[in-house]
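As structure tokens, the structure follows; a few thoughts come after it.
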Amino acid sequence: MTDILTLVFRTFMSQTDVRKELTVVPPSPASCSALLVGHSRISRSVLLLAAVAAASEMGMRVVFFTQTQIQSLPVSLQKCVPSLSPESLKKIKFSYPRTVEELLQQVAGLHEPPNTSPTPPSLIIVDRLEGYLCGGAGGSLSGFQPGEQSCAAHLSALLCDTAAFLTQLLKQRSPSSAPCRVIASFQSEVDTGQVGREASATDPILAVLDRYFQVRCTLDRDSSYEAAAAGLQDVWHVYLSRTGITEASCTEDCEDGPAVAQEWQLLISPDGLMEFKLP
Amino acid sequence: MFLPSVAEQLFQDIQKAYQETSQIPDDLLIALKFVFGPCALQALDLVDQQSVTCLSSPSGRKAFQVMGGSGCLYTCFVSCHYCPCPAFAYTVLRRNEGPLCKHILAVYLCQATAATQQESVSDQQMSALLSGTAAQ
């Protein structure tokens with residue numbers, strides 16, 4: 001799954017940063033699912049960038065599930081994706097299930113021929129899992145219900161099983177578009193308050209999601225002095241754990257083998273422009 | 001959500017032994033009990049009662065359906081571990097005491113002993129079963 005996230009980071013990389021070529025390695029079947037954990041507003045923008053990057057740069061069909069209508073595309077898209085065309089946007093199908101039951105039905109129906117012809121989707125995105133899983137649709141996040149864990153497991157397992165099935169179909173019909181990946185975002189209940197970051201480790205829903213999503217991408221706001229000194233920009237750290245990313249510098253004197261890039265910086269300007277940097 | 005390698009090896013051994021002798025030898029039954037605890041005996045019961053069915057739809061999608069001891073039907077996925085039964089929610093998800101429940105274990109044992117029933121359903125029925133909205 002990290003290939004799409006790497007593509008996002010590379011496409012929206014800061015122009016002032018030293019340009020490095022990042023090899024986008026197709027994910028192994030065991031790492032086709034990624035969970036974005038952090039502020040839902042930032043996650044949603046990253047998901048939209050991922051959808052558009054996958055559709056326009058890699059020609060993938062994308063299914064994007066969200067409870068909230070997409071009003072506008074992130075400003076970074078217009079600036080950084082020259083190949084952005086209405087045709088590539090048509091490869092993204094936005095669906096707006098209101099409840100977890102509707103979401104389960106729509107994901108479960110992805111194997112049906114109307115959804116798989118001429119080619120099945122290669123990327124399934126779910127925005128704000130917490131809106132579906134915690135305390136009813138977009139409702140109060142207070143009070144954990146034991147049934148929510150089972151529901152989180154059902155949804156996660158269905159997403160993974162659907163991706164596994166669609167991967168088999170893609171291998172037969174369009175091998176270059178295989179495998180089918182899943183990216184979802186989740187904002188932990190404990191992260192919405194002033195509780196310490198480590199508390200997210202005890203979030204019972206997140207513990208279940210971690211069983212099924214092999215890659216975790218954590219978005220963490222940088223509140224350090226340096227970040228404040230950076231001026232008006234919002235600074236975020238992006239940590240990838242359990243990644244399959246390799247990075248190769250394009251500088252001539254670099255003969256080093258691929259190294260693992262597990263951390264990025266995300267800078268957000270007041271106008272909403274998002275830029276990724278290697279720290 | 002993958003099996004520990006010891007469990008994977010055990011299922012392979014059971015499959016091999018069953019192909020050769022049409023039974024599961026005692027040492028493997030003891031190993032099964034050792035790895036999965038009381039779940040093992042209950043899962044073997046489900047295998048004996050031919051409780052596991054592999055459902056297929058015209059799209060090629062497959063899923064397992066397991067008839068529980070109480071007569072409830074549980075739909076389990078092919079590629080990852082999930083069962084809607086209370087034991088999975090409590091023992092596996094909440095208490096983190098093992099990788100699977102007796103229904104998922106029964107699916108593995110049925111596959112190893114070629115005891116899985118086969119049934120065809122429509123694509124729409126398959127979608128309803130996977131989403132948990134099918135009338136059972």
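The values are calculated or read from the model by the stated rules, or taken from the named source; none is laboratory data. All values reported here derive from a predicted model rather than from experimental measurement. Positions of Cβ are backbone-derived with ideal geometry, glycine not excepted, and every protein chain shown enters the neighbour counts. Surface accessibility is based on the protein's heavy atoms, side chains included, excluding ligands, DNA and RNA. Shrake-Rupley method; radii C 1.70, N 1.55, O 1.52, S 1.80 Å.
Spatially, the range B:52-128 and the range A:153-180 are offset by 19 Å when compared through their Cα centroids.
Mean partner shielding of peptide B:92-98, defined as the number of other chain Cβ atoms within 10 Å of each residue Cβ, is 3. Counting 0.36 nm for each residue step from B:Gln117 to B:Asp27 and taking away their Cα separation leaves a gain of 29.7 nm. Estimated at 0.36 nm per residue, the fully extended path between B:Thr133 and B:Asp48 surpasses their Cα-Cα distance by 27.8 nm. Once the Cα atoms are used to define both axes, helix B:5-21 deviates from the longest principal axis of chain B by about 80 degrees.
Peptide A:161-168 is shielded by partner chain Cβ atoms: per residue, an average of 4 of them sit within 10 Å of its Cβ. Scattering from the range B:5-116 was approximated by placing one identical point on each alpha carbon and applying the Debye formula without solvent; log10 I(q)/I(0) at 0.12, 0.17, 0.20 1/Å stands at -0.40, -0.81, -1.10. Of the listed residues B:Cys72, B:Cys110, the order by accessible area with a 1.4 Å probe, largest first, is B:Cys72, B:Cys110.
Take the Cα of B:Glu97, step 7 Å toward its Cβ, do the same at A:Val75, and the gap between the two points is 5.5 nm.
With a 10 Å cut-off around each Cβ of A:211-217, the average count of Cβ atoms from other chains is 2.
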